[in-house]
Protein chains: 2
Amino acid sequence: MTRTNRRLSTALALAAMLGAPLAAMADPVAYPEGYRHWHHAKSMVIHDGHPLADPFAGIHHIYVNDPALEGLQTGRYADGSVFVFDLLQAEHGDEVLTEGERKLVGVMVKGAETYQETGGWGFEGFAGDSRDQRLVSDGGQACFACHQSQADSDYVFTRWRP
Amino acid sequence: MTRTNRRLSTALALAAMLGAPLAAMADPVAYPEGYRHWHHAKSMVIHDGHPLADPFAGIHHIYVNDPALEGLQTGRYADGSVFVFDLLQAEHGDEVLTEGERKLVGVMVKGAETYQETGGWGFEGFAGDSRDQRLVSDGGQACFACHQSQADSDYVFTRWRP
């Protein structure tokens, strides 16, 4: 057994012991530091009663980094392109809807090889304002299942608007 | 009459002829080129029935340039700080609210001396996607009247949130 194989074997054993998917251990999706200063692509409100209301009810903003912006404009996403789905509570007032507390931060990052089992995109969610309380436990399969409807745009729902 | 006075006199006569406020002629608020790539501060939805629904019903996003971001964080706004109020139609679907066409682009720019009659801020609006169809015809007095409630924060409604 070579040293590399021994290390791999140890990692596999460790993953099995912890019940964690190896891919998730090897390439966790990073918290998108600084995304509040990225490009704001669009926003949307999902009300209670919508099929995605649990957990996505509220007002969400989509932020994109520079490579993802280029991808939106060209249709081709370089590795490292990141979309952030920033979900806030929707507070209903007198004929207004305002932003409340943050519910979660969703992340979708391009890695054609790394995340080939989910269309070349890695998916993660961070609870509230946490940078380490992770919400995705299936390697992103559930996220990807929904994004598959957008196969013609490399699984991206967002369209850029001027 | 000096040459400067003669020029001023001519400008005043022209302003009177055109029925345009001199201040607006001398210092029109510029269209905020590139604001879609500035910092997104916050968003809000105003429904029909709200006192400001005409003309502000819809979903609006507030974008700020670098000096305005610094102002939000320090409470002091340098000349050239700009806030953009980007108002889109709110499209109501099945338990969702999405963005529609742009209704107007509102601008608030700091110029302590230039705009001293409206709290040191210049106000303008641009219709839809137009860069030259201006909406403010009173030198910003109506805008300022509403913003006066925020005198403690230099007439700014927006608060920065991380």
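Considering only chain A, pick the residue with its Cβ nearest the axis of the rotation onto chain B, and state the distance in whole Å.
A:His40, 2
Just which residues of segment A:146-162 lose 10 Å² or more accessible area with every protein chain there, against their chain alone, with the probe set to 1.4 Å?
A:Trp160, A:Arg161, A:Pro162
Report the percentage of all Cα-Cα pairs in segment B:23-74 whose separation exceeds 13 Å, rounded to a whole percent. Could the numbers behind the result be given before it?
Details: 926 of 1326 pairs.
The calculated P(r) of segment B:23-74 puts 70 percent of pairs beyond 13 Å.
Once you treat every alpha carbon in segment B:101-151 as an equal point and sum by Debye, what is log10 I(q)/I(0) at q = 0.13, 0.22, 0.31 Å⁻¹?
Debye intensities relative to I(0), on a log10 scale: -0.31, -0.79, -1.15.
What shape does segment A:27-162 take by its C-alpha gyration tensor, where a ≥ b ≥ c are the square roots of the eigenvalues and a/c under 1.5 counts as rounded, a/b above b/c as prolate, and the rest as oblate?
Values: a/c = 1.62, a/b = 1.42, b/c = 1.14.
Taking the square roots of the gyration eigenvalues as a ≥ b ≥ c, segment A:27-162 is prolate.
Which residues of segment B:84-108 show a drop of at least 50 Å² in accessible area when all protein chains are present, compared with their chain alone (probe radius 1.4 Å, heavy atoms only, ligands and nucleic acids excluded)?
B:Glu95, B:Val96, B:Leu97, B:Glu99
Can you tell me which of B:89-96, B:109-116 comes out highest on packing, and rank the rest after it, using the mean Cβ neighbours within 10 Å? Working shown, then result.
On the way: B:89-96: 13.8, B:109-116: 17.0.
Per-residue Cβ counts within 10 Å, averaged per peptide and sorted highest first, yield B:109-116, B:89-96.
Over 23 Å between Cα atoms: which of A:Lys42/A:Lys103; A:Lys103/B:Lys103; A:Lys42/A:Lys110; A:Lys42/B:Lys42; B:Lys42/B:Lys110 fall into that group? Please list the in-between numbers first.
On the way: A:Lys42/A:Lys103 18 Å; A:Lys103/B:Lys103 29 Å; A:Lys42/A:Lys110 19 Å; A:Lys42/B:Lys42 12 Å; B:Lys42/B:Lys110 19 Å.
Where the Cα-Cα span goes over 23 Å, the pairs concerned are A:Lys103/B:Lys103.
Excluding ligands and nucleic acids, what accessible area in Å² is computed for B:Asp132 using a 1.4 Å probe, to the nearest 10?
Its heavy atoms expose roughly 120 Å² to the probe.
Could you state how much accessible area A:Leu72 has, in square angstrom rounded to the nearest 10, with a 1.4 Å probe and all protein chains kept in place?
30 Å²
Order B:Thr98, A:Thr118 by their accessible area, 1.4 angstrom probe, all chains in place, largest first. Write down the numbers at each step before the final one.
Details: B:Thr98 45, A:Thr118 5 Å².
The ranking, largest first, comes out as B:Thr98, A:Thr118.
Say a label goes 7 Å from Cα toward Cβ at A:Glu113 in every copy; what distances in nm does this one have to the rest, shortest first?
Taking the point 7 Å beyond Cα along Cα→Cβ, the inter-copy spacings are 6.0 nm.
Kindly give the distances from A:Leu135 to its copy-mates, label point to label point, with each label point 7 Å from Cα along Cα→Cβ, as nm values to one decimal ordered shortest first.
3.4
With every protein chain present, what is the per residue accessible area of segment A:83-146 (1.4 Å probe, Å²)?
On the way: 3050 Å² over 64 residues.
Here the per-residue accessible area is 48 Å².
Accessible area lost on pairing A with B, both sides, 1.4 Å probe, Å² to nearest 100?
2400 Å²
Kindly give the distances from B:His50 to its copy-mates, label point to label point, with each label point 7 Å from Cα along Cα→Cβ, as nm values to one decimal ordered shortest first.
Taking the point 7 Å beyond Cα along Cα→Cβ, the inter-copy spacings are 1.8 nm.
In terms of solvent-accessible area of protein heavy atoms at a 1.4 angstrom probe, what is the ranking of A:His61, B:His147, highest value first? Working shown, then result.
On the way: A:His61 0, B:His147 40 Å².
Putting A:His61, B:His147 in descending order of accessible area: B:His147, A:His61.
The values are calculated or read from the model by the stated rules, or taken from the named source; none is laboratory data. No experiment lies behind these values; they were computed from the predicted model shown. Don't worry about glycine lacking a Cβ; one is built from the backbone with ideal geometry, like all the others, and counts go over all protein chains shown. Please note that ligands, DNA and RNA were not included when accessible areas were found on the heavy atoms of the full protein model with its side chains. Shrake-Rupley method; radii C 1.70, N 1.55, O 1.52, S 1.80 Å.
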